[in-house]
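These notes are about the structure you will find just below.
The values are calculated or read from the model by the stated rules, or taken from the named source; none is laboratory data. Predicted, not measured: the structure shown is a model, and the values here were computed from it. When we count neighbours, we look across all protein chains shown, and the Cβ atoms used for this are built from the backbone with ideal geometry, even at glycine. These area figures cover heavy atoms from the full protein model, side chains too; ligands, DNA and RNA do not enter into them. Shrake-Rupley method; radii C 1.70, N 1.55, O 1.52, S 1.80 Å.
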Amino acid sequence: MLQRRPSGNKLVESAAKTQEGFQTAGNSTQVTLNEIAVREFHDALSRDDEMAFAVAAIMALTAVIKRSTAATLMGMSKELEDAAQALQRVNPTNISLKAGCELFLRYTTRTSALELKDIETAKARLIERGLHFAETSTRARQTIAELGSRFIRSNCTVLTHGYSRVVLRLLQQAFSSGMQFSVIVTEGRPDGTGITMAKKLDAENIPVTLVLDSCVAYIMDRVDMVLVGADAVVENGGIINKLGTYGIALAAQAASKPFYVAAESYKFARLYPLGQADLPEERKPLDVGPMLPPRANVINPSRDYTPPQCISLLVTDLGVLTPAAVSDELIQLYV
């Protein structure tokens, strides 16, 4: 599942903080390129509500290559690395943003263009490669939808957690192909993203039922399969996703129900969490009301880690993978 983008005011505040950080940079050209990267990133998100953070970052970094005035490829690589760091400072806890930047840098620099002595020819090759990577990443959801829709069976009941754009696309694909099924959506506290998912499914005339997050084990007997998105797919084939995903996976495993993950390959991250304590910390605002005792503590992480043994299959734009196959794909992506 993708993280919700900040509101317009928060985007402005985030951009402003990033701009402040630029003032300490010694190279005025790089300051300009960093600003271009951040501006292109925000523009891409504002143009398209369905834009993924990682894809917006890929587009922004391609813009940096276009605007670069570096006289050497080493200089251009340094500009890209600095711009990628500037983008990650916009949302430091967004794992898919970090993974997208790392993959783009690896993809664009792993090319014969770096062997060219003519900087302009090499730059044109890198731009072409960057645009191709952005295009491939943009098509990822549709590829996953076409692969994953085959798992939806007639009259089945699918349980999903919160709001995931790629899961929504997959369900739309299955429904448009004539398959009749129903969906159960968790509320997705604390930000209520499940309500967003329920509205979008209802708009597509897909039968949908909203349940409390704490109702998952209760309704699992009525479910034929679980389908969730992911913030990140980690090295061992596990996933990091919206808080509650791990609990749903455990309930599905106890009830012998398949647990499928739909995730784009740009979310494959070089992380190897051993447990929940290893996750990058991120919290969402939580209103518990006025009745909470003042000395009571509140724990409100925004995401959890689901280990690979709880996952049946991952549906990706690279194909349908077992959790064990993820490490091989990561090697292909990053090495």
Run the numbers for Thr72 and Asp43: contour at 0.36 nm per residue of separation, minus the present Cα-Cα distance, in nm. 7.6 nm
For an R0 of 25 angstrom, estimate the FRET efficiency from the Cβ-Cβ distance between Asn205 and Arg153 and round to the nearest 0.05. 0.85
Taking the Cα centre of the chain as origin, sum charge times position over the Cβ atoms of Lys and Arg (+1) and Asp and Glu (-1), and report the length of that vector in debye to the nearest 20. 160 debye
With Ala145 itself left out, Lys, Arg at +1 and Asp, Glu at -1 over residues whose Cβ is under 15 Å from its Cβ give +1
Gyration tensor verdict on segment 148-270 (Cα atoms; rounded if a/c is under 1.5, prolate if a/b is larger than b/c, oblate otherwise): rounded
Out of all Cα-Cα pairs in segment 266-322, roughly what percent, to the nearest whole number, are more than 15 Å apart? 67 percent
If you take the square roots of the eigenvalues of the alpha-carbon gyration tensor of segment 192-335 and sort them as a ≥ b ≥ c, do you get rounded (a/c under 1.5), prolate (a/b over b/c) or oblate? oblate
Is there a quick way to get the dipole size of segment 32-141? I mean about its Cα centre, with the Cβ of Lys and Arg at +1 and of Asp and Glu at -1; what is the value in debye to the nearest 20? 200 debye
Where does the chain land at 222 nm, in deg cm²/dmol rounded to the nearest 500, when only DSSP H runs of n ≥ 4 count, each adding -39500 (n - 2.57), divided by all residues? -15500 deg cm²/dmol
Cα convex hull volume per residue for the chain, in Å³, equals 148 Å³
If the limit is 28 Å between Cα atoms, which of Lys66/Lys200; Lys78/Lys98; Lys123/Lys267; Lys199/Lys284; Lys98/Lys199 go over it? Lys66/Lys200; Lys98/Lys199
For segment 32-141, with +1 on Lys and Arg beta carbons and -1 on Asp and Glu, the positive-most of Ile95, Asn34, Ala56 along the dipole: Ile95
How much accessible area per residue does the chain have, counting only protein heavy atoms and a probe of 1.4 Å, in square angstrom? 47 Å²
Percent of Cα-Cα pairs per 10 Å bin, from 0 to the last occupied bin, for segment 32-141, please list those. 16, 52, 28, 5, 0
Just need the relative contact order of segment 32-141 here, percent rounded to a whole number, with Cα pairs under 8 Å and 6+ apart. 30 percent
Mean Cα-pair separation over length for the chain, i.e. relative contact order, pairs under 8 Å, 6 or more apart, %: 17 percent
Label-to-label distance, nm, for residues given as Gln253 and Gln332 (7 Å Cα→Cβ offset): 2.7 nm
Lys/Arg Cβ at +1, Asp/Glu Cβ at -1, dipole of the chain taken about the Cα centre: which of Ser154, Thr306, Met291 is farthest positive-ward? Met291
Leaving ligands, DNA and RNA out of it, report the carbon-plus-sulfur percent of the accessible area of the chain at a 1.4 Å probe. 52 percent
On Cα atoms only, tilt of 95-109 relative to the major axis of the chain in degrees: 40 degrees
